[in-house]
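Here's the structure we're looking at; comments come further down.
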Amino acid sequence: MKYTRFEWWLPKLLCLIAACALWVYVMNEQNPQVENTYTVPVETRNLDRSLVATNVPSTVKVKVRMSRSDMIYMRSDNIKAYVDLAGLTDGDYPNTPILVSVPGDESVVSVTPKTFDLNVDTYAVKTLPANVQIFGTPETNFSVESNKVTPDTITIAGSSTMIAKADRAVVSVNIAGKEKSFSEFDSVNILDADGNTVTGLDVMPSQVKVTVKMKEATKLGNLPIKIETKGDPAKGYKVGKITVTPPVATLTAPFSFFANNRTFDLDPIDVTGASADIHRLVSVTPPPGGSVAVPRVNVTVEIDED
């Protein structure tokens, strides 16, 4: 039986239509449209340099509809959320919309929040001295002697209304358990006159270096003076009795000095080649961080025949 040209192509055409229908069915079943929610940062666009926008939400939640295959490659930074501030002057703008753009064939289902109450204010700059606020309890007998901040001034910028509220820049430093001097980097907080934190400002620098010098408390006490000799006397002689007048040193020194020392040691007396008693007026060097009541003592080293 002989087929015409049309009759020969008809089965092929029907197969092609069936294949396309099957492909559409499979794609809809295997790659359906799905929804996912992303947290997206909000940008401000086209704002005059002399102005600053406040109350702008830092992020919004964007629900996007897309195919399942596209969702594999979708990331939150592919989505842009922004507020267009072109032509605005300072003032209040209630119910300002947040605009969202998505790539490709994706569609936005919802934006939360969708609007907000915008405030546009003039831009201002202010300089404040950096103040150190010490808190915490140091080791026993220790306290803060001094502190230094680098840099010692802080620049703040932002809404002129918030700048007017800024009263001081404070750096809080914890000295709990401290006994040695230290340096560290700490964050700067901007406070108003009532001690409340002022937010929404650019703080430059946001961290500063704080150097804290610790000191130990001192007390008045007495320690017996100890002095030794060095070298050897002349042949046939030896070192005899050593007498120190006064025999006790009255000191003002840190508590730890008295805890670590039972005597107050002076530099040794050189007896090299001596054949007679040695008499010296010896200077008394104060202990670190302290002082002495009598700066010199008389020392007699007896040289006896061996």
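Every number here is computed from the coordinates shown, using simple stated rules; none is lab data. This is a predicted model, so every value here is computed, not measured. Note that we place each Cβ from the backbone using ideal geometry, even for glycine, and neighbour counts take in every protein chain shown.
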- Note on the structure: Taking only the alpha-carbon atoms of the stretch 106-256, the convex hull volume per residue, in cubic angstrom, is 252
- Item | the stretch 35-78: relative contact order in percent, alpha carbon pairs under 8 Å with at least 6 residues between | 54
- Tell me, rounded to the nearest percent, the portion of alpha carbon pairs in the chain spaced more than 32 Å apart. 66
- Cα-Cα over 25 Å: which of K165/K215; K180/K226; K178/K226; K80/K114? K165/K215; K180/K226; K178/K226
- Message: Suppose each label sits 7 Å from its Cα in the direction of the beta carbon; what would the T115-K165 distance come out to in nanometres?
- Response: 2.5
- Message: Could you work out the relative contact order of the stretch 122-216? I mean the mean sequence separation of Cα pairs under 8 Å and 6+ apart, divided by the number of residues, in percent.
- Response: 38
- Task: Name the longest site-free stretch of the chain, where the excluded sites are chymotrypsin sites (Phe, Trp or Tyr not before Pro) in a DSSP loop with no more than 16 other beta-carbon atoms within 10 Å.
- Result: 74-306
- Separation between the V144 and R49 pseudo-spin-labels, each 7 Å from Cα along Cα→Cβ, expressed in nm? 4.0
- Item | Mean separation of Cα contacts under 8 Å (6+ apart) over length of the stretch 140-287, as relative contact order % | 25
- Message: Compute, for the chain, the length of the dipole vector about the Cα centre, with Cβ point charges of +1 (Lys, Arg) and -1 (Asp, Glu) only. Units Debye, rounded to 20.
- Response: 780
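Counting other C-beta atoms within 10 Å, and keeping those with at most 12, which DSSP coil trypsin sites (Lys or Arg not before Pro) do you find in the stretch 147-252?
Details: sites: K148, K165, R168, K178, K180, K209, K213, K215, K219, K226, K230, K235, K238, K241; in loops: K178, K180, K235.
Counting only loop positions with at most 12 other Cβ atoms within 10 Å, the trypsin sites (Lys or Arg not before Pro) in the stretch 147-252 are K180, K235.
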- If R0 = 41 Å, then S187 and A293, at their Cβ-Cβ distance, give a FRET efficiency to the nearest 0.05 of 0.30
- Which number comes out as Rg/Rh for the stretch 64-142 once both Rg and the Kirkwood Rh are worked out on C-alpha atoms? 1.31
- Determine, at each q value in 0.10, 0.11, 0.19 (inverse angstroms), the log₁₀ of I(q)/I(0) that the Debye formula gives when each Cα of the stretch 211-306 is one equal point scatterer. -0.34, -0.40, -0.86
